[in-house]
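This report refers to the structure that appears directly beneath it.
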Amino acid sequence: MKQTLEQTMQMIDEAQVTGKPVVLTTMARHSHQGIVTEIEPGQVKPFAERSILHLETARGIKRVEVYAITKIKWAD
């Protein structure tokens with residue numbers, strides 16, 4: 001089940017502040033695990049949905065659009 005945008009953004013903000021690792025699942029059913037390093041603000045409306053998340057994983061930095069995130073949870 002897809003989380004709401006408010007829930008997703010709240011967890012992303014918390015993960016960026018605390019530095020705790022998260023697990024993301026995208027619309028393309030890709031799963032990424034890593035630490036949120038940066039949030040690039042969106043350039044067009046709706047700004048929050050168009051933001052780009054920088055996730056530092058074991059394989060390098062991944063850039064994921066916030067609107068493409070279907071599920072986010074804390075990594076174990």
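Values quoted throughout were computed directly from the atomic coordinates according to the rules given, and no laboratory measurement underlies them. Everything quoted here is computed from the prediction, not taken from an experiment. Heads up, the Cβs are rebuilt from the backbone with ideal geometry, glycines too, and the neighbour counts pull from every protein chain shown.
General observations
- Contour minus Cα-Cα distance for Arg50 and Gln33 (0.36 nm per residue): 4.0 nm
- Listed by chain and number, the lysines whose C-alpha is less than 22 Å from the C-alpha of Lys20, apart from same-chain residues fewer than 8 away, are Lys2, Lys62, Lys71, Lys73.
- Among Lys62, Lys45, Lys20: highest mean-square fluctuation, GNM of the chain, C-alpha pairs under 10 Å: Lys45
- Rg of the Cα atoms in the chain, relative to 2.2 N^0.38 Å, amounts to 0.98.
- What the phi angles of region 49-65 give under the Karplus curve with 6.51, -1.76 and 1.60, with θ = phi - 60°, is a coupling list of 5, 8, 5, 10, 9, 9, 10, 8, 10, 5, 9, x, 7, 10, 10, 10, 6 Hz, glycine and proline written as x.
- Computed over neighbours whose Cβ is under 15 Å from that of Leu53, the net charge equals -1, Lys and Arg +1, Asp and Glu -1.
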